């Protein structure tokens, strides 16, 4: 037999290497890890030097104008007086001379809330109307409760920011111990009325409505006392019948329960939320867009052709609904709209839901113009939230001034208010202030979060007053259109993850009330000294004792240091990082919200960004725990008798003990993962020993933390499941490296014996495997052996190598990966065996086995360094090494099909066309089977199982929105690949039939 020519195969090798290089470039661009210093503002510092407390004014009688609004405000003054140990003053209207008289006078300032105090002889509060009278009374009450001096005689006081909103707090939310104790409910629905909805007439449970009403009144009264004048309540579609569309029954046909339920909802909750307006608060409803119900979606499909969010016809339907809302609930001042989140995770248990559909510049503009037209006709407002991070073509509207101008610059409407989070991203620390709040000509409000979802859900002391003051001052200096704030007292993050703290109702909610209080005070006067604001809150909420109040305020002044050092790895947090086409948050090693991650993608990337300052990054963790311990000692040293209640003292001390324990545990874990990554990076024995020592400390601390706080509703243990998964795989890295080395030596021996034609048992099989791995164009020259040893070894050796090497790659911990990988090989082998049915399969097994050996050598070379951990470390963080590896590995994958085609043509005489067709058919069937299996399981579920076992991406991805949602992977991808495989198989069969000829005998 003449020798086969090598050059066609070498040309094919060049081609597959070129393909591999293209794929490597694409992978690098997709991963795209890059970072640059972020413009993080300096830490806000406010020295604690509290003003001395002054005696409460002697107020025995209060005379106010008629009306519930000033009467309730006067009651706040009376409560403040009694809180200082004085008798409760009487409150009346037209009672004659009083110690405090509210007098309505002609307007003397631009704001309806302006007031001034006359202090000669008796106190006279002057205002131009009920709003100013109430605002002045609430301010006086606050000053009295805080032991602060009253405003100077005749000085006009008016708010710097005229719109001061709060969310709906914990209204309508159930304190469900079982749900909170589980800690696994990551639902993001914020509806406040769903608990009152019945499945049939009368549609609303009046007893539950009354409970919600009481909770809402409590929220409104507390917010008014703190200085707010508006509230935002979730709701829109559930109050709308679309009676203004067509004949009134086109969206919801006659008899559709949506109509009766919506009417019942308006009747039940109109009076509930209208109470806020009666007390002078503005009321805004809140909805995601696109809000839908099944009948509404069906109607849009019939009339508009689907959810075409660029079509004015679609928005005309929502305009009709909005007009109906303003007419049926006339107390509503406007609608707040968010387009950046939506889906089933936000659903409230009924069939109203939302879709992420408004994701382009044109659709946002079409929506706003339509809604603003309706709002303008009813003299109402639209508050548009710019929270669109990562969603569609407007994904950076929230943080990019250029995108902000492109999307919103052409919309000039006095009824539009644009609302934006104050940070350049979500409510994390270490982020720059949001630059979009410094541009544009729209009316703007700034969003703040009191119960910081990513920083313990309010379970950790976290005084944000100084940070908010710094932000407001910068925004106001840069943008004269900033006119308001929106404080989130409870909203943000899942309902039942974290502590069971429900604002004003359950748990130690006072710990984050300091931020709600501080936001309102700063909205009135941004130039206030932050520590004094905190001290005022401490005096009226925790302790009136001067020494105790100072100690608590000093401890709170250090709370940000503990948080920003203990929950963040600072060298990483203060970089603007991009990876996987996303902008990871500055925390990342603690995935939303309490999941301590163990995935290599996050932890290796954090190390790569931090490695030049690694020792300081590790020391920060220990330092934060020491700060928390010092805070604990300072507060614990105060006497419970000097607090407003011993229970508050106990709760605060317990919270600080919890923080100390948590930060200590996290410090040990931080050292563990960073030292492990350092060892993967450098191979340093010192790094290895430090990793092992830190890991022992972490395991002990984690065990203690979980044992102490698991199931605690107020101070819940963090989740270390993902961390332990990652730690377990890290522990196996050294052993896996040794196994890889031994296996590589074994494969090398097989290849050497085969290439040297050594006379050993199975020499023919080894010769065939070696040729297939190195010179497959000559495989057909090898005669088929007759002895059983060769015929078994030719497939058994590659099979063992394949299984063991993939077990090593997966730390012997990811059967899902093995099933997919080995399954694909088995299907490919089975189809090809059918192709050569009736013929000796020796050369086929040799061809497949040779490629297995070649690809395994490439894999093992990457694994022998420091195991799978180093393999993935290089993949995530070393672009050069990754490019080389992906190029060669993908080329070897493609080479498989080159070799198969060669052996089918040269060893089995199928001819070029038929060989190519059979190869394509086999590959297509393998792809169809594996992808079809994944599709049958469900892509999200399959990825979740695989990732849980491999610990490559954050474990929490699938627990919250899902891996496919986070990474933008279409759920249909597996099905599409299965179809592609079937099409490829069909084309391959067609080619094989086209080139069919008689096999040689």
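Derivation of every value follows stated rules applied to the coordinates shown; laboratory data play no part. Since the structure is predicted, the reported quantities are computational estimates derived from the model, not experimental observations. When we count neighbours, we look across all protein chains shown, and the Cβ atoms used for this are built from the backbone with ideal geometry, even at glycine.
Per residue of the chain, what 222 nm ellipticity follows from adding -39500 (n - 2.57) for every DSSP H run with n ≥ 4, rounded to the nearest 500? Could you put the intermediate results ahead of the total?
Values: 31 runs with 536 residues, N = 1001.
Helix contribution divided over all residues of the chain: -18000 deg cm²/dmol.
May I ask you to order 499-509, 594-604 by the average number of other C-beta atoms within 10 Å around their residues, highest value first?
Highest mean packing first, the order is 594-604, 499-509.
Using only the alpha-carbon atoms of segment 374-477 as identical scatterers, what base-10 log of I(q)/I(0) does the Debye formula give at q = 0.14 Å⁻¹?
-0.60
For a test of the definition: using alpha carbon positions, the gyration tensor, and the 1.5 limit on a/c, classify segment 731-994 as rounded, prolate or oblate.
Oblate is the answer for segment 731-994, as a/c is 1.5 or above yet b/c matches or exceeds a/b.
Which stretch or stretches of segment 760-800 have amide N atoms under 19 Å from the point lying 7 Å from residue 826's Cα along the Cα→Cβ direction?
Only 795-800 fall inside the zone, counting backbone N under 19 Å.
Hey, can you rank 481-494, 350-363, 666-679 by average C-beta count inside 10 Å, highest first?
Packing order, densest peptide first, comes out as 666-679, 481-494, 350-363.
What share of Cα pairs, in percent, lie more than 19 angstrom apart in segment 737-842?
52
State the antiparallel share, in %, of DSSP beta bridges confined to the chain, rounding to the nearest 5.
30
If R0 is 30 Å, what FRET efficiency do you get for residue 881 and residue 308 from their C-beta distance, rounded to 0.05?
Working: r = 47 Å, r/R0 = 1.57.
It comes to 0.05.
What is the list of residues in segment 970-994 whose amide nitrogen lies under 17 Å from a point 7 angstrom out from the Cα of residue 913, following Cα to Cβ?
Those under the cut-off are 986-994.
Compute the acute angle (0 to 90°) between the alpha-carbon long axis of helix 614-636 and the principal axis of greatest extent of the alpha-carbon atoms of the chain; round to the nearest 10°.
So the helix axis and the longest Cα principal axis differ by about 30 degrees.
Any idea how far apart residue 198 and residue 149 come out in nm if each label point goes 7 Å out from Cα toward Cβ?
A separation of 6.0 nm, rounded to one decimal place.
Could you compute the FRET efficiency for residue 840 and residue 741, with r as their C-beta to C-beta distance and R0 at 45 Å, rounded to 0.05?
Approximately 0.80, to the nearest 0.05.
Let a ≥ b ≥ c be the square roots of the eigenvalues of the Cα gyration tensor of segment 496-548; is it rounded (a/c under 1.5), or, if not, prolate (a/b larger than b/c) or oblate?
Oblate is the answer for segment 496-548, as a/c is 1.5 or above yet b/c matches or exceeds a/b.
If each of residue 400 and residue 206 carries a label point 7 Å out from its Cα toward its Cβ, how far apart are those two points in nm?
Reported label-point gap for residue 400 and residue 206 is 5.5 nm.
Counting DSSP beta bridges with both partners in segment 61-157, what percentage is antiparallel, nearest 5?
Here the share of antiparallel DSSP bridges comes out near 40 percent.
Which whole number in µm²/s is D for the chain by Stokes-Einstein, with the Kirkwood Rh taken over Cα pairs at 4 °C and 1.567 mPa s?
40
Rank by packing, highest mean first: peptides 947-954, 969-976, with packing defined as the count of other Cβ atoms within 10 Å averaged across residues.
The densest-packed peptide leads the list: 947-954, 969-976.
How much length is gained if the chain between residue 704 and residue 686 is pulled fully straight, taking 0.36 nm per residue apart and subtracting their Cα-Cα distance, in nm to one decimal?
Taking residue 704 through residue 686 to full extension adds about 3.7 nm, to one decimal.
Which number do you get for Rg(Cα) / (2.2 N^0.38 Å) in segment 137-281?
Working: Rg = 20.0 Å, N = 145, 2.2 N^0.38 = 14.6 Å.
Rg over 2.2 N^0.38 Å, computed on Cα atoms: 1.37.
Hey, quick one: spin label on residue 79, modelled 7 Å out along Cα-Cβ, who in segment 517-547 has an amide N within reach, i.e. under 19 Å?
517-521, 536-544
So, R0 is 60 Å and r is the distance between the beta-carbons of residue 990 and residue 379; what FRET efficiency does that work out to, to 0.05? Display every interim value, and only then the final one.
Numbers: r = 69 Å, r/R0 = 1.14.
Rounded to the nearest 0.05, the efficiency is 0.30.
Need one word for segment 790-831: rounded, prolate or oblate. Basis is the Cα gyration tensor (sqrt eigenvalues a ≥ b ≥ c); a/c below 1.5 gives rounded, then a/b vs b/c decides. Walk me through the intermediate numbers first.
Values: a/c = 4.17, a/b = 1.43, b/c = 2.91.
Oblate.
Taking only Cα atoms, what is the 0 to 90° angle, nearest 10, from helix 546-557's long axis to the longest principal axis of the chain?
That helix lies at roughly 30 degrees to the long axis.
What full-extension length gain, to one decimal in nm, is calculated for residue 613 and residue 473 as 0.36 nm per residue of separation minus the Cα-Cα distance?
Separation in residues times 0.36 nm, less the Cα-Cα distance, equals 47.2 nm.
Using alpha carbons only, how many degrees (0 to 90, rounded to 10) separate the axis of helix 530-541 from the longest principal axis of the chain?
Helix 530-541 and the main axis of the chain meet at about 70 degrees.
Could you give the nm distance between label points at residue 937 and residue 642, where each point is 7 Å from its Cα heading toward the beta carbon?
6.1
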